[in-house]
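Engineer: Handing you this structure, nothing more for now.
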Amino acid sequence: MLVLSKHDVEGLLSVPAMLDALEAGFRAYSTGDASVPPRTAARAPSGLLGAMPGWVAERGFALKAVSVFPGNSELGLPTHQGVITLFDEHDGSLLSVMDGEHITAMRTGGGAAVSVRVLARTDATTLTILGAGVQGHSHLATMPLARDFTSIRICSRDAHRAAALAAADPRCVVVPDFEAAIRGADVVCCCTDARAPITRYEWLDAGTHVTSVGGTFGPEVDAETIRRARVFVEWRGAATNPPPAGAHELQGLDTGTITEVGEVIAGLKPGRQRPDEITVYKSTGSGFEDAVVARIVYDAAVAAGVGTDVAL
């Protein structure tokens with residue numbers, strides 16, 4: 001098997017290629033060309049350890065083990081750490097063990113960026129990123145590939161982190177509070193570790209697209225926005241499975257009102273239907289995302305001769 005370190009993965013992962021792979025993964029999941037059971041997790045006092053298997057036909061067959069410890073940010077440690085094991089889908093042989101930290105960060109922001117590709121207004125120019133941690137950086141790296149943003153607002157409860165993230169792109173400006181950052185934005189990306197909603201429906205302009213990748217330990221988006229907006233997901237199970245497999249915000253929601261992003265990509269269901277409607281992409285993370293991204297990293301490693309061959 002090929003062992004790939006975090007340094008290896010960071011050097012091999014192409015963001016444009018990742019977005020294309022993720023879009024194909026969304027489509028495969030919603031058209032039956034994937035197998036992704038709900039993730040499970042063991043909980044410790046300070047965090048959890050999740051297991052996420054996934055198969056996408058001809059695009060990846062993988063299992064990720066990921067720990068989520070929100071308090072690590074105060075210790076200078078990553079909040080999400082893990083490994084991804086990649087297998088051959090035809091004979092089950094172990095192809096690679098690779099660091100999962102960078103892939104988890106980038107594919108999460110990448111999935112949100114795919115939703116922007118598919119659902120945001122084509123004339124969207126103002127982006128708001130709420131949260132300046134790992135996911136703030138991931139979203140800043142991926143969102144500008146989905147739309148031609150001319151203005152990017154950064155807002156975080158940590159002013160120093162907000163300033164550091166904003167310094168990465170000349171289009172960025174730090175906005176001091178969530179309400180000011182949300183009002184007037186075309187796309188609002190929520191990527192925090194909030195335990196309570198950080199949005200309010202009345203702050204959103206008509207036509208806004210909202211993405212939410214946080215909320216592992218509580219709702220990130222307010223109930224009124226979920227009730228009044230059109231909601232899109234990776235999988236409908238986000239509403240029928242309890243957290244951490246499902247989303248806090250979607251518990252009890254009628255699944256008939258929810259659309260999978262892959263259904264829109266495949267032309268099975270409509271996406272945005274009016275310029276003034278508010279759309280929400282609520283992510284819980286899915287094994288198909290890890291599988292397709294791990295596969296393109298592995299293929300790039302083989303092509304470049306990167307990594308360490310190990311016999312178990």
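Engineer: If you roll a 1.4 Å probe over segment 48-129 with all protein chains in place, what percent of the accessible area is carbon or sulfur? Please report the intermediate quantities before stating the final value.
Structural biologist: Numbers: 1800 of 3050 Å².
Carbon and sulfur together cover 59 percent of it.
Engineer: Could you tally the net charge around Arg236, taking each other residue with its Cβ under 10 Å from the Cβ of Arg236, Lys/Arg +1 and Asp/Glu -1?
Structural biologist: Values: positive: none; negative: Glu234, Glu260, Glu263.
With Lys, Arg at +1 and Asp, Glu at -1, the neighbours total -3.
Engineer: Before I look further, what does segment 1-69 give for accessible area per residue, probe 1.4 Å, in whole square angstrom? Spell out each step's value before the answer.
Structural biologist: Details: 3190 Å² over 69 residues.
That works out to 46 Å² per residue.
Engineer: Roll a 1.4 Å probe over the protein chains and send me the accessible area per residue for segment 254-312 in Å².
Structural biologist: 42
Engineer: For a label point 7 Å from the Cα of Val310 along Cα→C-beta, name the residues of segment 71-101 whose backbone N is under 13 Å from it.
Structural biologist: 83-86, 95-100
Engineer: Now for a separate question. Using modelled amide H (1.01 Å from N, peptide plane; none on Pro or chain starts), what sits under 5 Å from the amide H of Thr199, excluding residues fewer than 5 places away?
Structural biologist: Correct list: Asp222.
Engineer: Would you please give the residues with an amide H less than 5 Å from that of Gly215, counting only those at least 5 places away or on a separate chain, with H modeled from the backbone geometry?
Structural biologist: Under 5 Å from the amide H of Gly215: Thr192, Ala194.
Engineer: Taking 41 Å as R0, compute the FRET efficiency from the Cβ-Cβ separation of Leu49 and Arg274 and round it to 0.05.
Structural biologist: Working: r = 43 Å, r/R0 = 1.04.
Computed FRET efficiency for Leu49 and Arg274 comes out at 0.45.
Engineer: Using modelled backbone amide H atoms (1.01 Å from N, in-plane), which distant-in-sequence or interchain residues come within less than 5 Å of Ser96's amide H?
Structural biologist: Counting only residues 5 or more places away or on other chains, the set is Leu2, Leu86.
Engineer: Report D for the chain in µm² per second (integer): Stokes-Einstein, Kirkwood Rh on Cα pairs, 10 °C, 1.306 mPa s. List each step's numbers first, then the result.
Structural biologist: Details: Rh = 19.4 Å.
Using the Kirkwood radius from Cα pairs, D works out to 82 µm²/s.
Engineer: What ranking do 128-139, 300-311 get when scored by the average of other Cβ atoms within 10 Å per residue, highest first? Before the final figure, lay out each step's value.
Structural biologist: Details: 128-139: 25.7, 300-311: 12.4.
The densest-packed peptide leads the list: 128-139, 300-311.
Engineer: Measure off, as a whole percent, the carbon and sulfur share of the 1.4 Å-probe accessible area of segment 168-285, all protein chains present.
Structural biologist: 51
Engineer: Something else: Can you quote the Å³ per residue value for the convex hull of the Cα atoms in segment 170-286, rounded to an integer?
Structural biologist: Spread over its residues, the Cα hull of segment 170-286 gives 118 Å³ apiece.
Engineer: Name the lysines eligible as straight-distance cross-link partners of Lys64: C-alpha to C-alpha under 28 Å, and not fewer than 8 places from it in the same chain.
Structural biologist: Within reach: Lys6, Lys282.
Engineer: Leaving out ligands and nucleic acids, and using a 1.4 Å probe, what accessible area per residue does segment 92-138 come to in Å²?
Structural biologist: 24
Engineer: Please report the net charge: other residues with Cβ closer than 15 Å to the Cβ of Arg171, K and R +1, D and E -1.
Structural biologist: Details: positive: Arg147, Arg153; negative: Asp148, Asp169, Asp186.
Here the charged neighbours net out to -1.
Engineer: Can I ask one more? Just need the relative contact order of segment 37-187 here, percent rounded to a whole number, with Cα pairs under 8 Å and 6+ apart. Before the final figure, lay out the partial values.
Structural biologist: Working: 270 pairs, mean separation 22.4, N = 151.
Answer for segment 37-187 is 15 percent.
Engineer: How high is the relative contact order of the chain, given as a whole-number percent (alpha carbon pairs under 8 Å, six or more residues apart)?
Structural biologist: Working: 732 pairs, mean separation 73.4, N = 312.
The normalised contact order for the chain reaches 24 percent.
The values are calculated or read from the model by the stated rules, or taken from the named source; none is laboratory data. Note that the coordinates shown come from a computational prediction; the quantities given were computed from them, not determined experimentally. Cβ atoms come from the backbone with ideal geometry, glycine included; neighbour counts cover every protein chain shown. With ligands, DNA and RNA removed, areas are computed over all heavy atoms of the protein, side chains included. Shrake-Rupley method; radii C 1.70, N 1.55, O 1.52, S 1.80 Å.
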